[in-house]
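The values are calculated or read from the model by the stated rules, or taken from the named source; none is laboratory data. Since we're looking at a predicted model, the values are computed, not measured. So basically every Cβ, Gly included, is an ideal-geometry build from the backbone, and we count neighbours across all protein chains shown. Quick note on the areas: whole protein, heavy atoms, side chains included, nothing else; ligands and nucleic acids left out. Shrake-Rupley method; radii C 1.70, N 1.55, O 1.52, S 1.80 Å.
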Amino acid sequence: MKKALKVITVIIASLFLSVIALALIMPVAFREKIKTKVEEAISSKVNADVSFSDYRLSLVKAFPNLKFSLNDLSVTGRGQFENDTLASVKSFSLVFNVLSVFGDKGYEVKSIVIDRPMLNAIVLSDGTANWDIMKESTEADVTDTAEPTGEPSLDMQLRRFSINDGRLIYTDREADMAASVSDLDLGLSGNMAGMRTVLDLDLGAEGVSFIMGNTSYLTDASLGFRAAMDAQLDSMKFTLNDNTLRINDIALNLSGWASMPGDDIILDMVFSTPETSFRSLLSMVPAIYMKDFDGLNASGTFLVDGYVRGTYSSADSLMPDIGAILKVSDGMISYPDLPEKITAININGEVKTGGSDLDRSTVNVSAFHFELAGSPFDMTFRLATPVSDPSVAATARGKIDLAKLQQALPLDSMSLNGLIDVGLDLENRLSMLETKKYDQFKASGSMTLADMSIEMPALPAVRVGRADFSFTPAFAELKQMNMTMGEKSDASLSGRLENYIPYLFSDGVIKGSLALSSDEIDLNEILGMMPSDTIENDTTALSVIRVPDNIDFTFDAAVGKLTFNKLVARDVSGNVRVKDGVVNISNTGMKALGGSLLVDAGYDTRDTLSPQVAADVKISSVGIRDAFNTFNIIQKLMPMASGLG
């Protein structure tokens with residue numbers, strides 16, 4: 001009996017020592033073999049520069065499995081994307097079934113962990129994508145794939161996949177949009193080796209931003225998604241079970257499925273949020289527009305219902321159909337330190353987009369109502385057939401007291417006063433304007449600004465005594481606007497803008513004429529209020545200021561006194577014409593320096609690589625001493641002129 005126990009003890013001790021020996025020997029024995037296989041697999045598949053600083057093979061940390069790690073992995077582009085980092089990873093770890101390393105059926109991967117990855121995806125204006133780095137398959141590749149070489153392959157038997165502290169950047173210059181995500185954490189667990197399984201997904205991210213054109217739809221938003229999915233891995237169909245999608249303070253419930261039978265994605269999903277607080281909806285407003293959100297008092301309810309159905313295909317430029325309904329009821333906004341509040345906020349809107357035919361898209365805001373200090377304001381908007389012939393209908397009615405608005409919303413150090421009175425109606429199709437059928441197009445109304453003032457730090461105060469605007473289908477007219485800037489400068493403006501509706505809703509050319517008259521404009525006072533550090537230490541090379549080619553504008557000015565630096569000019573008058581990307585200044589005359597000046601000039605930006613500037617100045621009877629005292633360059637070039645009369 002004692003002898004048997006001794007034998008068993010020796011066997012156990014031997015096995016224990018063998019395990020320890022394996023833990024010490026295997027990282028060395030198989031290190032080069034696995035590293036070489038990884039390097040060969042990557043370099044044979046991509047057109048990019050791939051590098052990593054270190055690699056490790058350990059049996060101890062993942063016992064009884066084998067762990068392989070790559071550190072400081074980087075993928076850098078070539079050609080058009082040379083020196084641009086496509087992706088980088090601080091640490092990339094694979095956990096293998098240790099027994100599969102000794103076999104010939106493939107290395108069985110059980111988990112993947114990616115720490116601090118960064119993905120920088122770029123699409124150029126011609127549609128070229130920096131992630132399109134896979135090498136094209138050759139006949140030899142096809143043959144190698146069809147005929148096994150006897151080398152072990154990677155056999156994915158995943159149970160866990162995770163990303164820690166990731167960062168994504170997407171820049172699409174072709175579509176004029178950009179997106180970014182920071183602090184991305186992703187956990188996916190389940191038997192991913194089976195034909196059908198339940199996957200548990202936990203996704204979280206901060207700093208989610210999305211910009212399209214000049215519009216920011218998300219700014220530093222917080223995102224979370226937890227879901228259990230019925231995954232049919234053989235057909236790549238995923239059905240959502242219990243789940244919650246959170247965007248800032250808004251929680252959405254989703255149901256439906258998504259499948260990826262090939263390169264396309266087929267979707268059939270609906271989303272909704274139970275009737276919830278209006279404050280949650282306000283959390284979607286970017287912080288730059290919504291000050292002191294933590295101290296905001298808000299009441300009311302809102303709900304969202306929508307769907308996503310159809311096929312997404314980048315090859316065929318297809319998008320799924322998307323629809324959403326938003327309703328806000330009895331909303332209220334107030335701040336504890338401010339006396340006024342915005343009440344009776346009621347919104348009813350619906351958006352539909354036609355994925356396969358964008359001309360089927362519609363927008364319908366049937367109600368947008370709020371009250372400021374008891375004064376109501378209402379708007380409606382409807383858009384249909386936006387591609388073929390936009391059909392637009394919009395109304396706006398109400399009065400906004402800017403002083404009351406400042407008492408309801410925190411506007412930092414900005415000071416507002418005055419009254420805006422609006423009454424506008426717009427309805428019908430854009431084609432009626434293009435064919436000048438103004439009698440069939442409804443566009444009428446007016447807008448009045450009265451006793452308006454705007455004061456901001458580092459900018460001259462602007463005050464508008466009164467300004468009257470009227471609108472017709474053919475033009476918008478500024479009947480008269482009297483204003484002051486700073487303490488000395490004044491201006492009186494009048495004129496009209498033609499073709500403004502095609503300009504706003506299509507690719508039309510806006511036409512107009514504007515007349516300015518002023519007793520005095522003191523540019524020293526106006527520019528002196530600007531922050532000096534934006535000018536004095538600026539060493540950045542000047543770029544071309546491109547003149548839009550969809551503007552046809554005439555500007556006539558008459559100024560009694562114009563002061564700029566040491567130059568004092570009187571009886572300034574001239575004409576400016578902006579058309580087809582060219583600015584022409586003609587017959588601009590003034591009395592200055594004891595004589596008179598007449599200027600004709602042109603600025604042509606149609607060729608942005610080589611813009612053209614031309615000027616012709618006629619000087620009559622200018623006093624040399626006056627010019628010497630006014631311009632520093634004359635003092636440097638002609639110092640003897642100081643004694644001339």
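Filtering segment 422-472 to residues that are within 27 Å of M483 (Cα to Cα), acidic (D, E) and free of Cβ contacts under 8 Å to residues at least 24 places away in the same chain leaves only D468.
Inside segment 291-408, counting only strands (runs of 3 or more DSSP E) that do not spill past its ends, which hold 1 or more residues that are in contact (Cβ under 8 Å) with a residue 12 or more places away in the chain and under 24 Å from the mean Cα position of the chain (by Cα)?
Of the strands (runs of 3 or more DSSP E) lying wholly inside segment 291-408, those with at least 1 residues that are in contact (Cβ under 8 Å) with a residue 12 or more places away in the chain and under 24 Å from the mean Cα position of the chain (by Cα) span 297-312, 321-334, 341-353, 362-372, 375-384.
Considering segment 516-526, the residues that are within 20 Å of L478 (Cα to Cα) and open to solvent by less than 40 Å² (accessible area, probe 1.4 Å) include one that is modelled with the highest pLDDT, namely S518. Condition test on Y307, is it at pLDDT 90 or above, of a type in the set (S, T, Y), closer than 25 Å to A221 by Cα and open to solvent by 50 Å² or more (accessible area, probe 1.4 Å)? Answer is yes for this residue. Number of residues in segment 565-577 that are surrounded by 15 or more Cβ atoms within 10 Å (Cβ to Cβ) and in contact (Cβ under 8 Å) with a residue 40 or more places away in the chain equals 1.
For I325, state whether it is in contact with a strand residue (DSSP E or B) (Cβ under 8 Å, 6 or more places away or on another chain) and either within 27 Å of L201 (Cβ to Cβ) or open to solvent by 40 Å² or more (accessible area, probe 1.4 Å) (or both). Criteria met by I325.
For beta carbons closer than 6 Å, sequence separation of 6+ or different chains, a first residue in segment 215-236 that is among the aromatic types (F, W, Y) and a second that is not in a loop (DSSP other than H, G, I, E, B), the qualifying pairs are Y217/F210; F225/L203; F225/L245. When segment 486-513 is filtered for residues that are in contact (Cβ under 8 Å) with a residue 24 or more places away in the chain, open to solvent by less than 40 Å² (accessible area, probe 1.4 Å) and closer than 25 Å to F441 by Cβ, the ones remaining, listed by number, are Y500, I501, P502, G508, I510, G512. If the condition is being open to solvent by less than 30 Å² (accessible area, probe 1.4 Å), under 26 Å from E136 (Cα atoms) and at pLDDT below 80, then segment 38-76 contributes V46, A48. Across segment 172-208, the qualifying residues are those that are of a type in the set (S, T, Y) and modelled with pLDDT under 90, and the one among them that is surrounded by the most Cβ atoms within 10 Å (Cβ to Cβ) is S189.
Among the residues of segment 84-143, those that are among the basic types (K, R) and modelled with pLDDT of 65 or more comprise K90, K110, R116, K135. Just name the residue that is least open to solvent (accessible area, probe 1.4 Å) out of those in segment 270-285 that are within 13 Å of L303 (Cα to Cα) and assigned to a strand (DSSP E or B). The residue in question is T273. Quick check: is even one residue across segment 154-162 modelled with pLDDT of 85 or more and open to solvent by less than 60 Å² (accessible area, probe 1.4 Å)? Yes.
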